[in-house]
Amino acid sequence: MIKYYYPNGDHCYRALHTAHAVYHDDEGRLIARALRPDNSALYEFEIVAFELVEAGVRCT
């Protein structure tokens, strides 16, 4: 799993296979690109950090 941290302090989890890229845009913001939950397309969203969550670790 990947845990993404949003600029407003919220976070979300995404399955590792949905992650496509994490990069800095031209304005210096950290951007994540991931597959939509319905697998229809990729989308991008701003994050401030991310971490990989080990298998078997309880996500809270």
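Every number here is computed from the coordinates shown, using simple stated rules; none is lab data. In this text the structure is predicted, and so the values were computed from the model without any measurement. As a convention, Cβ positions derive from the backbone with ideal geometry for all residues, glycine included, and neighbour counts pool all protein chains shown.
Observations
- If you run the Gaussian network model on the chain, springs between alpha carbon atoms under 10 Å, then out of Ala15, Ala41, Ala49 the most flexible one is Ala41.
- In this rough spin-label picture, where each label sits 7 Å from Cα along the Cβ direction, the Asp38-Tyr6 distance is 2.0 nm.
- Label positions at Phe50 and Arg14, each projected 7 Å from the Cα along the C-beta direction, are separated by 0.6 nm.
- Kirkwood analysis of the Cα pair distances in the chain returns a hydrodynamic radius of 12.1 Å.
- Residue-by-residue Karplus 3J(HN,Hα) for the range 2-12, coefficients 6.51, -1.76, 1.60, Hz, glycine and proline x: 10, 9, 9, 9, 8, x, 7, x, 6, 8, 8
- Taking θ as phi - 60° and the Karplus parameters 6.51, -1.76 and 1.60, the scalar couplings of the range 24-41 work out to 9, 7, 4, 8, x, 6, 7, 10, 10, 10, 9, 7, 4, x, 8, 6, 7, 5 Hz in sequence order, x denoting glycine and proline.
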